[in-house]
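Okay, so here's the structure we're looking at.
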Amino acid sequence: MATELPTRATNGGPKNATGEENFTVKTGLARMLKGGVIMDVVNAEQARIAEEAGAVAVMALERVPADIRAQGGVARMSDPKMIKEIMATVTIPVMAKARIGHFVECQILEAIGVDYIDESEVLTPADHAHHVEKHPFSVPFVCGCRNLGEALRRISEGAAMIRTKGEAGTGDVIEAVRHMRTVSAEIARAQNMSDPELRILAKEIQAPYDLLKETAKLGRLPVVNFAAGGIATPADAALMMQLGCDGVFVGSGIFKSGDASKRAKAIVQAVTHYNDAKVLAAVSEDLGEAMVGLNVSTMDAKDKMQGRGW
Amino acid sequence: MGSAGRHMDITVGVLALQGAFNEHVQLLRVAAKILEAKDIVNRTWVFREIRTEAELNSCDALIIPGGESTAISLVAQRSGMMEPLRDFVKVQRKPTWGTCAGLILLAEAANQTKKGGQELIGGLDVRVNRNHFGRQIESFQADLELPFLQQADGDELKPFRAIFIRAPIVEKLLKHVVGPQTDEEKVDATVVAPSRPIDHQVAKKIHLKGVEIMGTLPGRAAAIKEDETKKLDAEAGDIIAVRQTNVFGTSFHPELTGDPRIHVWWLEQVVEAVEERKNP
């Protein structure tokens, strides 16, 4: 991890009933996931494979992004029954996705007891302008971003963890890299600014000034930041780690590949030993077919999920 | 660095296979500054992230951080680290501290593990109950009275604000046995650590004691659990910090607070242990 996340960094969220931020508890779980891999799974059997591979958490959803993309239609929150089966099967944290702005799906996921909610652009958005107000929930949220402004708007709404979006369901890492590099470059630029300049920047990128100022001071996002969207190989995962993210989400990349278990284990090893090219070489060997990729550069803008979210 | 002080260099590793290892490094640095201010001995602290056996072998003491204990355990096995860790903790008996996931890995027995169980390092004769309080929405903060933080100068002891995240507790103290905890193996859904006898030379300097309770969480279980049996247990409080000779475990996360007191205390224990080991 390129830059440290100070142990007392908070986003200044509202106090709870006892006059204390419970944001520490929400961001705390994200910190425990650092250096790990969160894997998309569609049933209990896949969840067990992910757990055995060393995943730090699983994301329970009905269709992986590659299938949502192929099948089209409206993608919604998964059936609670299926999420509960996964929760009953594994002992690692279970995350689940809600549509952007769909706070009732979030209420349902909280009632089931999922450990984290992903307010995700992979599902079809439910609100054209609003994201969910996340601070009032007890369950923590992770949200996607393409740039610093988007990240800070989500944190301001209460996201306790950020993931750079990438382009889900493609197996093409270029967008994940673009978004990670964009966030890093914008933070680097902000670090060299005076307070008046930061106020202008805050307006430009539509981010709260206080959060922008804290980010500039820290030299990194004030919450844990994972990479997502297009990671398909151990090398992809290590690339994202070397670019400074705290861990990775792998969606379609595992269970749309030839040997899911072997690939999952290899990606887990790659995230731990991301700076050790010898380990990376060893775990990259003989993994079988990677997922069939979709080249993002030939995609129409309307087919991209990353533009969802405001 | 002068040669006079060199013999006092102490290397503390933080296992960096997965989890909140960097947070420990940050608080160790804060703790070292506090110790420097009150220490008269010339000492250089080295804090490093540990991912390989060679890195582990350079350490005088080790922290196993919070994270997902199943992930840390599996990555340790696949990285060839499980046996070196058992050697470090149990055979060489070097000072080790585990927080949350680290406490689970240092336990000789654990329950509520994943299907098929999980590999443990061991070193603490206790049985831990994983995810004792439940899922993330049951995670919480609480003030703890930790008597071991009482300083000799007698200042009033301030409570330690502790963060519990999907935390385990110590549900049973076990008698130390020669060999593995075979009685525990018979307990339903419980895994035990393999036995590794202490090195003969090390055993001459370190007298392995029983497990001491270093902290409890009073009343919590009574407040949140409905069923009567749990209520009875709660009278005594849940055990959330233990020590056995120089292996220490906490079920909460001091590394997520800005409070370095436990890190300061632990580094003082490390100094004592390293000095004892060096003296003939």
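The values are calculated or read from the model by the stated rules, or taken from the named source; none is laboratory data. Only a predicted model underlies this, so the values are computations on that prediction, with no experimental measurement involved. Methodologically, a virtual Cβ is constructed for each residue, glycine included, from the backbone with ideal geometry; neighbour enumeration extends over all protein chains shown. Protein only, heavy atoms only, side chains kept; ligands, DNA and RNA dropped before computing areas. Shrake-Rupley method; radii C 1.70, N 1.55, O 1.52, S 1.80 Å.
Points to keep in mind about this one:
- For segment B:7-278, the solvent-accessible area of protein heavy atoms averages 40 Å² per residue (probe radius 1.4 Å; ligands and nucleic acids excluded).
- Inverse of mean 1/r across different Cα pairs in segment A:134-253, Kirkwood, Å: 14.4 Å
- Cubic angstrom per residue, convex hull over Cα atoms of segment A:64-129: 88 Å³
- Loop GluC sites (Glu not before Pro), segment B:117-217 (other Cβ atoms within 10 Å of the site Cβ: 15 or fewer; DSSP): B:GLU145, B:GLU156
- Solvent-accessible area, 1.4 Å probe, carbon plus sulfur percent, for segment A:179-258: 50 percent
- Counting only other chain Cβ atoms within 10 Å of each residue's Cβ, the peptide A:47-58 averages 4.
- Rg/Rh for segment B:124-200, where both radii come from Cα atoms and Rh is the Kirkwood radius: 1.10
- Whichever lysines have a C-alpha closer than 28 Å to that of B:LYS186, once near sequence neighbours (fewer than 8 apart) are set aside: B:LYS90, B:LYS114, B:LYS115, B:LYS172, B:LYS175, B:LYS209, B:LYS225, B:LYS230, B:LYS231
- Neighbourhood charge, 14 Å Cβ-Cβ cut-off, centred on A:GLY101 and excluding it, Lys, Arg +1 and Asp, Glu -1: 0
- Kyte-Doolittle at least -1.0, axis length at least 15 Å by Cα - qualifying DSSP helices, chain A: A:23-33, A:174-191, A:260-272
- Peptides B:240-246, B:198-204 ordered by average Cβ neighbours within 10 Å, highest first: B:240-246, B:198-204
- Cα-based convex hull volume of chain A per residue, rounded to whole Å³: 126 Å³
- Where chain A is the region considered: accessible area per residue in Å², 1.4 Å probe: 37 Å²
- Chain B - Debye-derived log10 I(q)/I(0), Cα point model, q = 0.08, 0.09 Å⁻¹: -0.31, -0.40
- Centre separation in Å (Cα based) which lies between segment A:197-228 and segment B:127-188: 37 Å
- Point-to-point label distance, A:ALA281-A:ARG181, nm (Cα→Cβ direction, 7 Å offset): 2.6 nm
- Solvent-accessible surface ranking, highest first, for B:SER139, B:SER195 at 1.4 angstrom: B:SER195, B:SER139
- B/A buried area, accessible surface, summed, 1.4 Å probe, Å²: 3500 Å²
- Two-decimal log10 I(q)/I(0) for the protein assembly as shown, as the Debye equation yields it once each C-alpha is a single scatterer, q = 0.10, 0.11 Å⁻¹: -0.84, -1.02
- Largest to smallest principal axis extent of the C-alpha atoms in segment A:204-310, angstrom: 49, 36, 19
- Rounded accessible area of A:PHE249 (nearest 10 Å², 1.4 Å probe): 20 Å²
- Protein accessible area in segment B:1-112, 1.4 Å probe - carbon and sulfur %: 51 percent
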